[in-house]
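The values are calculated or read from the model by the stated rules, or taken from the named source; none is laboratory data. These figures come from a predicted structure and were not determined experimentally. Methodologically, a virtual Cβ is constructed for each residue, glycine included, from the backbone with ideal geometry; neighbour enumeration extends over all protein chains shown. Each accessible area value is taken on the protein alone, full model and side chains, heavy atoms only, with ligands, DNA and RNA left out. Shrake-Rupley method; radii C 1.70, N 1.55, O 1.52, S 1.80 Å.
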Amino acid sequence: MTKKDKNMPKSYLLTGATSGIGLAIYKSLHEQGHHITVVLRDKRRAEVLPYSPQNIIEADFANPLQVDKSFKGFDTPLDGIINAAGILQGNSIFESTPETLSELFNINVISPILMIKHTSSQLSKGGAVILFGSISGHKGSYDDAYAASKGAIHSLVRSLSLKLAPNARVVGIAPGMTLNTGMTNSLIEGRLEHNIKLIPMQLAGDPGDIASLTNYILSDEAQFMTGNVIDINGGQYLRS
């Protein structure tokens, strides 16, 4: 594969940049001097970012028709696409409604697929698509639909990697419990500490840990990596 000069800035498309893991990735890529196009459901949300983005695409992932329209004709050359946007509603199937299920799958699965449909053709040789699954996609969750949506992402990684090869790579990341995200911030008092004690490493992840892994996947050192979902969970769940 053709390698770019490591010192040259690269161009990335990033969703979920305003909080949690996506924000950590945004900070890391910005501090390395890369060009970042962020996807926001409302351009005014750029105010929460620590640095002004070079480019903004306004697209509400809860509305796939709008996403499809927003990305049609996308013609910006890219070195990577990182989809860190996602929601967890905390509903079992017995608490779910058609409306909540539609919102969850629109945001976690359908809109990312539509975004990649319109943008992957702009990936440079050796570029990468990074999709965020979850430990729940492997072992299940109280939120059955969330677990199903992340299982769908894991399958998408495998399928899409074959379609984009040999030009580009597709890699999934399946984090376990990660601090400073909507999924841990919503836990009731004492529950976070209890859950951490159940992790073999006796600690939860940090968004910075996930950003570091993202940087590696985007680098030339990972050029032989595609079609796999990488677990990063402190031993919370081990796959054979």
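Tabulated values for the structure
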| item | result |
| --- | --- |
| Residue satisfying all of: in region 182-208; at pLDDT below 85, part of a loop (DSSP other than H, G, I, E, B) and farther than 19 Å from residue 18 by Cβ; least open to solvent (accessible area, probe 1.4 Å) among these | 190 |
| Residue within region 171-181 that is crowded, with 22+ Cβ neighbours inside 10 Å and modelled with pLDDT under 95 present | yes |
| Failed item in (1) within 28 Å of residue 119 (Cα to Cα); (2) touching a Gly at 6+ places or on another chain (Cβ under 7 Å), with residue 199 passing the rest | (1) |
| Selection within region 108-129 - in contact (Cβ under 8 Å) with a residue 60 or more places away in the chain, farther than 23 Å from residue 63 by Cβ and either of a type outside the set (Gly, Ala, Ser) or open to solvent by 40 Å² or more (accessible area, probe 1.4 Å) (or both) | 125 |
| Test for residue 94: is it over 17 Å from the mean Cα position of the chain (by Cα), modelled with pLDDT of 95 or more and surrounded by 17 or more Cβ atoms within 10 Å (Cβ to Cβ) | no |
| Hits in region 43-74 (condition: of a type in the set (Ser, Thr, Tyr) and touching a strand residue (DSSP E or B) at 6+ places or on another chain (Cβ under 8 Å)) | 70 |
| Leading residue by the ranking (farthest from residue 238 (Cα to Cα)) among those in region 149-163 that are open to solvent by 30 Å² or more (accessible area, probe 1.4 Å) and touching a residue at least 40 places away in the same chain (Cβ under 8 Å) | 162 |
| Residues of region 218-237 satisfying the condition of being open to solvent by less than 30 Å² (accessible area, probe 1.4 Å), over 12 Å from residue 138 (Cα atoms) and of a type in the set (A, V, I, L, M) | 218, 222 |
| Exclusive hit being in contact (Cβ under 8 Å) with a residue 12 or more places away in the chain, open to solvent by less than 20 Å² (accessible area, probe 1.4 Å), in contact with a strand residue (DSSP E or B) (Cβ under 9 Å, 6 or more places away or on another chain) and more than 19 Å from residue 207 (Cβ to Cβ), set 40, 78 | 78 |
